[in-house]
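**Q** Structure provided below as structure tokens; questions to follow.
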Amino acid sequence: MLHHMTSEPEQQIGVGTQDAFQRLWTPHRMAYIQGENKPTGPGADDGCPFCSIPAKSDEDGLIVRRGEQVYAVLNLYPYNGGHLMVVPYRHVADYTDLTDPETAELGELTKQAMSALRTASGAHGFNIGMNQGTVAGAGIAAHLHQHIVPRWGGDTNFMPVVGHTKVLPQLLADTRKMLAEAWPSQ
């Protein structure tokens, strides 16, 4: 058991029904839950964050690598430390709508991201994929993006199960810098 955890309910004033859960308050996630920075419509001019990120500096936009057709950016709400997305500059929703050069560069930046994550963090494996459409789980369905989630042996340890806590050991700005430095040269 984790320090200060018991199998008995713990008195926690103001959190509802008593239970054995510890709370790690993450109020910054409320922006994600409430849809902050989500597009107001399907068009590129409808507030799409993936269309506005490239206009920012790499540091401010958390961009790790820029290609000609696509760019790699850290996820603001990562599943694991180093969770990247490869995103076309062009506002397009469906994978089948990508041009051949966009498809090729998306694949190439995905390979480079894997290499950078292995170099920078020793990732043992990866979950790579796209959620196409809102019903498939796409948080921003109007602009295609491919997730690259690094995985390590034991990263699905008992912390989330027993401790009811997800641990991300590094600030996003530090992760961006580390991955940009580890990115393979062209």
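**Q** Keeping every protein chain present and rolling a 1.4 Å probe, give me the accessible area per residue for region 41-181 in Å².
**A** Details: 6980 Å² over 141 residues.
Per-residue value: 50 Å².
**Q** Also, I was wondering about something else. Dividing the convex hull volume of the alpha carbon atoms of region 41-181 by its residue count, what do you get in Å³ per residue?
**A** Values: hull volume 16.2 nm³, N = 141.
Residue-normalised Cα hull volume stands at 115 Å³.
**Q** Using 0.36 nm times the number of residues separating ASN131 and GLU59, minus their current alpha carbon distance, what extension gain do you get? Write out the running numbers ahead of the final one.
**A** On the way: separation 72, 0.36 × 72 = 25.92 nm, distance 2.62 nm.
Result: 23.3 nm gained on full extension.
The values are calculated or read from the model by the stated rules, or taken from the named source; none is laboratory data. Everything quoted here is computed from the prediction, not taken from an experiment. Areas reflect the complete protein model, heavy atoms only, side chains present, ligands, DNA and RNA absent. Shrake-Rupley method; radii C 1.70, N 1.55, O 1.52, S 1.80 Å.
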